[in-house]
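The values are calculated or read from the model by the stated rules, or taken from the named source; none is laboratory data. Only a predicted model underlies this, so the values are computations on that prediction, with no experimental measurement involved. Cβ placement follows ideal geometry from the backbone for every residue including glycine, while neighbour counts extend to all protein chains displayed.
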Amino acid sequence: MRCFIAIELNSAIKKSLNDLKDATEKTVSLDYKAMRWIKPEHMHLTLKFLGEVDDDIVPPVCQLINKIASDTSRFDIEFGGLGFFPLRGPARVYWCGLKSGLEPLKNLQSIIDHSLTDLNISPEKQAWSPHLTLARINMAQTGKTIRRIPDSLFDNTCKKPLIQTVDSIMVFESELSRQGPVYTPLHQARLI
């Protein structure tokens, strides 16, 4: 089974990010067939992608997440700013970043990442960069054109701060299909 650990977004943030998609389409003339927008119901903040794991590893992962959550206080994060991966050349990923709450979020991710080594799940090789993927870009020309999005688009579209209280950690199963991924919640652990 293919799994990941994430923070589920509240409905207000999902709506604002969908409005941001609409604003992007109105701002820059793009070949939208070359972009795969993430559906609002699929938006989440990934803390750790586990990949393909045996079914029998999921219960210990959930127990570990329970332990981490029971030792972690709730905190707020605020989304803001837009960016692209890779940093240079044609963009392949269009994303929304974070303005605040980075320190407790990075601490939580680091604890999860390192704790999973007890279950023989390797830690991340690269530094973790928290972001919400808005779209994946399949064509180089579109990847070049989308970089023309003005820095002010986020603030002009999202009039209210996009703040979320991180009060739980989710374990999801991800099944790939022709219609796109299907995310099934397997476990939720509440922070204190």
Inset, instruction - Scan (1) touching an Asp or Glu at 6+ places or on another chain (Cβ under 7 Å); (2) of a type in the set (A, V, I, L, M); (3) exposed (fewer than 15 other Cβ atoms within 10 Å of the Cβ) for the single condition LEU98 breaks and write down its number. - result: (3)
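In the range 77-92, which residues are of a type in the set (A, V, I, L, M) and buried (at least 16 other Cβ atoms within 10 Å of the Cβ)?
Passing the criteria: ILE77, LEU82, ALA91.
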Inset, instruction - Scan the range 115-127 and report the pairs whose first residue is more than 17 Å from ALA69 (Cβ to Cβ) and at pLDDT 90 or above and whose second residue is in a helix (DSSP H, G or I) and of a type in the set (A, V, I, L, M, F, W, C), with Cβ atoms within less than 9 Å and a gap of 6+ or a chain change. - result: ASN120/ILE57; ILE121/ILE57; ILE121/VAL61; SER122/LEU116; PRO123/LEU116
Inset, instruction - Those residues that are closer than 29 Å to LYS144 by Cβ, under 16 Å from the mean Cα position of the chain (by Cα) and of a type in the set (Gly, Ala, Ser), I need them from the range 91-133; list them, please. - result: GLY97, ALA127, SER129
Inset, instruction - Would you check which residues across the range 15-32 are modelled with pLDDT under 80 and hydroxyl-bearing (Ser, Thr, Tyr) and list them? - result: SER29, TYR32
Inset, instruction - Could you figure out which of (1) without any contact (Cβ under 8 Å) to a residue 12 or more places away in the chain; (2) more than 17 Å from ALA189 (Cβ to Cβ); (3) more than 18 Å from the chain's Cα centre (by Cα); (4) assigned to a helix (DSSP H, G or I) isn't true of ARG88? - result: (4)
Inset, instruction - Could you run through the range 62-76 and say how many residues are touching a helix residue (DSSP H, G or I) at 6+ places or on another chain (Cβ under 7 Å) and either exposed (fewer than 13 other Cβ atoms within 10 Å of the Cβ) or over 30 Å from MET1 (Cα atoms) (or both)? - result: 1
Legend entry - Hits in the range 33-61 (condition: assigned to a helix (DSSP H, G or I), surrounded by fewer than 18 Cβ atoms within 10 Å (Cβ to Cβ) and in contact (Cβ under 8 Å) with a residue 12 or more places away in the chain): ALA34, PRO40, GLU41, HIS42, ASP55, ILE57, VAL58, PRO60
Inset, instruction - Quick one: in the range 1-32, of everything that is among the acidic types (Asp, Glu) and in a helix (DSSP H, G or I), which residue is surrounded by the fewest Cβ atoms within 10 Å (Cβ to Cβ)? - result: ASP22
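Kindly indicate whether ILE146 is within 15 Å of the chain's Cα centre (by Cα) and not small (Gly, Ala, Ser). Steps first, answer last, please.
On the way: within 15 Å of the chain's Cα centre (by Cα): no; not small (Gly, Ala, Ser): yes.
When the stated conditions are applied, ILE146 does not pass them.
Could you tell me whether the range 113-125 includes any residue that is of a type in the set (S, T, N, Q), crowded, with 16+ Cβ neighbours inside 10 Å, over 17 Å from GLU8 (Cβ atoms) and in contact with an Asp or Glu (Cβ under 8 Å, 6 or more places away or on another chain)?
So far as the range 113-125 goes, no, none of its residues is of a type in the set (S, T, N, Q), crowded, with 16+ Cβ neighbours inside 10 Å, over 17 Å from GLU8 (Cβ atoms) and in contact with an Asp or Glu (Cβ under 8 Å, 6 or more places away or on another chain).
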Legend entry - All positions within the range 67-114 that are in contact with a strand residue (DSSP E or B) (Cβ under 8 Å, 6 or more places away or on another chain) and of a type in the set (D, E, K, R): ARG74, ASP76, GLU78, ARG92, LYS99, ASP113
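Residue-by-condition table, conditions (1) at pLDDT 95 or above; (2) closer than 24 Å to GLU52 by Cβ; (3) touching a Ser or Thr at 6+ places or on another chain (Cβ under 6 Å); (4) of a type outside the set (D, E, K, R):
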| site | (1), (2), (3), (4) |
| --- | --- |
| GLN141 | no, no, no, yes |
| ARG147 | no, no, no, no |
| PRO150 | no, no, no, yes |
| LEU162 | yes, no, yes, yes |
| PHE172 | yes, yes, no, yes |
| THR184 | yes, yes, no, yes |
| GLN188 | yes, yes, yes, yes |
